[in-house]
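Chemist: Submitted below is the structure of interest, expressed as structure tokens.
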């Protein structure tokens, strides 16, 4: 059938090919998700869509256009900045300042010991106290954290998954002791353990008991805390770990399905709890894809919940918080990060998020300062007050491109969801390690694209700044924080009713054995001033502590560099090294302390192996002493320490000491990679660190430097 | 030699360096390595060498972590040689075994060494035998050698260890048909792992499959009986039975001299292998220097002489050198 449209299209195609000198069939590009992006979209692209309904309006099923009819025209999204560091006193100060400057909700970041259920006085956590978040050991800390912040008026979001029972209990008790009943508390607890097993690794117990805890919390809050979101099902950390948008979307929704099933198994009615399920997505730099992702997420969740038999409209609607991408931030030319964050924020808004955190530009290096936090907040204030984006709901609806992309993304994600379901759901898939491996594969591909220059990162692999600006960062003296916390713990332990503590902990253990609700019991223990660590350890007696097994991808990185000169150069050096030394260069890649972000370590391991290194992977959560033993027994040439949680100033010198203790003549060189502020470089070099690789370091160049350093060390001694 | 003393004293760094030496592909190192091993063989320890093999995914490392924890709690010293198969096209590898041996790797009474297999000897790495001699001299009570794949059973059982055990998962009984012969012949112990949770009944079914399979095996009076054991690495159950079985087999085999005979056979095999390697090395060197192969094969191509004449001439040539 010949129509005016197809005439126009033929004409356009001719012009396009004349201008570009490229055949139209070859002019498409492909995204990380494997989605084809065409140079132009037409009406034909939005006919026969599988998931999207072109006639639907905002607040109408399948909710592609937004959860509410009026969206930001009635009330803009909530500016909810995630923050927390050092002691409860200092974080409380910081929160109050932010609230005065226009922030609307709070979002608490806890330090790693709290996440992993250790008190600040535990030997295992000496490098981590107060570093990547605030240290909470008892309800007294929680009370200080919300000092002068009325909990019946402020919605509080808490990123807590591992030690979710004692921390949520502390929040509830802190409310009570402010004279706020728990049914008035509003906010969100992340409580999303499945993604911890996939990417973030701040779990405590094995998957099955962890799922029971999630279900207990959903059960308790659905009855006692009607204004509180019992879970924030999070894809954020998956994208941060390198997942593409299809994986992020599909795994998040598949997690959601698993939580729904866990809650249903408690005998709850779906409409009793589903309205309090909330979501959390990352917004990266792929502008239109991120918009499409949020629209697709709502569309798919509607379908999922309908299939579960939900009837209440609120159960069918996906509400989400978003955060701009941390992994898109660069250490190099850091002011570029303000620009990246702004575009990402705009994506989130055009996608229709309910609340948003915008990153500070210095977060690739350290925790935000007052000044950088202000710029981050203002990014949102400007969007709300100056740009006019709040005046129209879902302004991109009807765009041939956006609608088609939304549908395409939905289709791809649905395939992945079905794959997970065919494995028996996410708990089983996680136990088998499938999603973790898929995400690592995706991460390695992305890294290879940047290192090979096929993906441009401004200021990193192209358009470099000849004069890197100096940036002041926030410094946490974690030894001081730790001392403060230990003093507080000791005071509380001295003044509490020990018998009451013991009894309530014993009841908690019994509840775990009898499979009754654990949140109620842990509230009692916390009220009696049991510590976060004590509550966690009590449950550990019943459930044990989970240790992840670790699979690795191989060959994914190297594939991007077939014939690449720099890459070949390193493999050649490795081969020469092997001939000269009778073995390949051998490197132990480790994480130390409680920092579980292992994306960087995994990428370094797989890419070094692809270049011919023998790479030993250490387990997560090792102490410097364990690392030294491992390194010496395997006679490695070098140790690569990956650090993203600011523990390096304590842990790295400790490692150097341990190496010398086992082997005073040790020639093992140590290099450090990850988030390290430049201010710390000298300190590390003084501790005999051979090299430091910040975020955005090119891995091939790093590998070459490492093999050169190893060779130098060997020759120096011969 | 100073290194020998340090090894015998149990110095961790010395043991590690010695293992590097015996694994090295450098000619100089090979000579050093032979000297070192000769000296260490004069100072034998009392280690029992146990081999663990099994298909991927049955939880070998997890079992070793669990069983190892049981042993070190009983104050045994434990050396572990993990042969990691993840060799890649480029030759590099990721050695990830230790991520599954978290607790025992911290323990001062263990020594854990991973080695890339490099595809040699069907999964056993160059130097594994020598490494176990080093750990023996260093005073470890048990030396575990872990490899992947059932294909290595024969090499491992006949060359390296005193006891060879195969770890299998629930439901693996079906595969038994195809590999029965090799298994019944070489394995001393069958360990059915994952005897926990939902898999319990499947695991005991698999155990009885194995039991009936080995019952066909002709028993001889002087060898210890093969055993099938059910364990759960995750729940750490069945471990006392594993150590009991190992000790029983050892003491029975020692009584009827099977233990020493096996070691003697392994020793003979080793000598044979070394001789073969040296001769091969020398011949290859000669062939390189000689150059007559290419000349004579050209003559064969040109139809001037017969192929067998050429072979005859070349061998004569090499033998006379």
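FYI, it's all coordinate maths here, none of it is from the lab. All values derive from a computational prediction rather than experimental measurement. Every residue, glycine among them, receives a Cβ derived from its backbone with ideal geometry; neighbour counts consider all protein chains shown.
Chemist: If you split all Cα-Cα distances of chain B into 20 Å bins from zero, what percentages do you get per bin, shortest first?
Modeler: Histogram of Cα-Cα distances, whole percents per bin: 29, 50, 18, 3.
Chemist: Continuing with this model, one more query. Within chain B, what percent of beta bridges assigned by DSSP are antiparallel, to the nearest 5?
Modeler: 5
Chemist: Just subtract the alpha-carbon distance of residue B:25 and residue B:309 from 0.36 nm times their residue separation and send over the number in nm, one decimal.
Modeler: 98.6 nm
Chemist: Report the far tail of the P(r) of the range A:183-247, meaning the percent of Cα-Cα pairs longer than 20 Å.
Modeler: Summing the P(r) tail past 20 Å for the range A:183-247 gives 36 percent.
Chemist: What is the log10 of I(q)/I(0) for the range A:117-156, computed with the Debye formula using one identical point scatterer on each Cα and no solvent, at q = 0.17, 0.25, 0.32, 0.33 Å⁻¹?
Modeler: Each listed q corresponds, in turn, to -0.55, -0.87, -1.11, -1.14.
Chemist: Further, regarding this structure: Other chains near A:579-587: what is the mean number of their Cβ atoms within 10 Å of each residue's Cβ?
Modeler: 5
Chemist: So, one more: With only alpha-carbon atoms counted, please give the Rg and Dmax of the range A:579-700, in Å.
Modeler: 13.4, 40
Chemist: Can you give the percent of C-alpha pairs in the protein assembly as shown whose distance is more than 46 Å?
Modeler: 37
Chemist: Using the Kirkwood radius over Cα pairs, work out the Stokes-Einstein diffusion coefficient for the range A:515-649 at 4 °C and 1.567 mPa s, in µm²/s as a whole number.
Modeler: Here the translational diffusion coefficient equals 72 µm²/s.
Chemist: Hey, what D do you get for the range A:1-140 in µm²/s if you plug the Kirkwood alpha-carbon radius into Stokes-Einstein at 10 °C and 1.306 mPa s?
Modeler: After rounding, the answer is 75 µm²/s.
Chemist: Also, quick follow-up: Pairs of alpha-carbon atoms within less than 8 angstrom and 6+ residues apart define the contacts here; what relative contact order does chain A have, in percent?
Modeler: 15
Chemist: For the range A:81-134, what ratio Rg/Rh do Cα atoms give with a Kirkwood hydrodynamic radius?
Modeler: 1.06
Chemist: May I ask you to sort A:70, A:404 by Cβ crowding, counting other Cβ atoms within 10 Å and putting the fewest first?
Modeler: By the 10 Å Cβ count, ascending, the order reads A:70, A:404.
Chemist: Just to be sure I understand the model, the point goes 7 Å from the Cα along the line to the Cβ. What's the resulting residue A:22 to residue A:477 distance in nm?
Modeler: 5.7
Chemist: Please compute, over every Cα-Cα pair in the range A:90-202, the percentage with a separation greater than 24 angstrom.
Modeler: 23
Chemist: Taking the 0 to 90 degree range and rounding to the nearest ten, how far is the long axis of helix B:239-255 tilted relative to the main principal axis of chain B, both from C-alpha atoms?
Modeler: Helix B:239-255 sits at roughly 60 degrees to that axis.
Chemist: Please compute the contact order of the range A:352-455 in relative form: average sequence separation of alpha-carbon pairs under 8 Å and at least six residues apart, divided by the residue count, as a percent.
Modeler: 12
Chemist: How large is the helix-only mean residue ellipticity at 222 nm for chain A, computed as the sum of -39500 (n - 2.57) over DSSP H runs with n ≥ 4, divided by its residue count, in deg cm²/dmol to the nearest 500?
Modeler: Rounded to the nearest 500, the figure is -15500 deg cm²/dmol.
Chemist: Related question: Picking from B:139, B:91, B:238, which is most flexible by a Gaussian network model of chain B using Cα springs under 10 Å?
Modeler: B:91
Chemist: For residue A:382 and residue A:498 in one chain, what is 0.36 nm times their gap in residues minus the Cα-Cα distance, to one decimal in nm?
Modeler: Working it through step by step, the gained length comes to 36.5 nm.
Chemist: If you don't mind, there's one more thing I want to ask. Taking the 0 to 90 degree range and rounding to the nearest ten, how far is the long axis of helix B:292-301 tilted relative to the main principal axis of chain B, both from C-alpha atoms?
Modeler: Around 80 degrees separate the two axes.
Chemist: Per the Cauchy relation, a quarter of the hull surface: what is the mean projected area of the convex hull of the alpha carbons in the range A:477-588, in nm²?
Modeler: The directionally averaged projection comes out at 13.9 nm².
Chemist: Ok, one more. What ranking of A:38, A:625, B:60 emerges when the number of other C-beta atoms within 10 Å of each C-beta is taken as an exposure proxy, fewest first?
Modeler: Taking fewest neighbouring Cβ atoms as first place, the list is A:38, A:625, B:60.
Chemist: Using a Förster radius of 45 Å, what is the FRET efficiency between residue B:41 and residue A:562 based on their Cβ-Cβ separation? Nearest 0.05, please.
Modeler: For residue B:41 and residue A:562, the calculated efficiency is 0.40.
Chemist: Same structure, new question: Choose one answer from B:249, B:283, B:64: the residue with the largest mean-square fluctuation in a GNM of chain B with alpha-carbon springs under 10 Å.
Modeler: Result: B:283 has the largest fluctuation of those listed.
Chemist: Using alpha carbons only, how many degrees (0 to 90, rounded to 10) separate the axis of helix B:128-137 from the longest principal axis of chain B?
Modeler: Orientation of helix B:128-137: about 60 degrees from the principal axis.
Chemist: Please order B:186, A:82, A:118 by the number of other Cβ within 10 Å, starting at the fewest.
Modeler: Arranged by neighbour count, lowest to highest, B:186, A:82, A:118 become A:82, B:186, A:118.
Chemist: May I ask you to give the average projected area over all directions of the convex hull of the Cα atoms of the range A:639-718, in nm² rounded to one decimal?
Modeler: Dividing the Cα hull surface by four gives the mean projection, 5.3 nm².
Chemist: From Cα pairs below 8 angstrom and at least 6 apart in sequence, can you work out the relative contact order of chain B, rounded to a whole percent?
Modeler: Here the relative contact order equals 17 percent.
Chemist: Follow-up. Run lengths n ≥ 4 of DSSP H only: what is the helix-derived mean residue ellipticity at 222 nm for chain B, with -39500 (n - 2.57) per run over all residues, to the nearest 500?
Modeler: Result for chain B, helices only: -17000 deg cm²/dmol.
Chemist: So what is the diffusion coefficient of the range A:197-326 in µm² per second by Stokes-Einstein at 4 °C and 1.567 mPa s, using a Kirkwood Rh over Cα pairs?
Modeler: Diffusion coefficient, whole number: 86 µm²/s.
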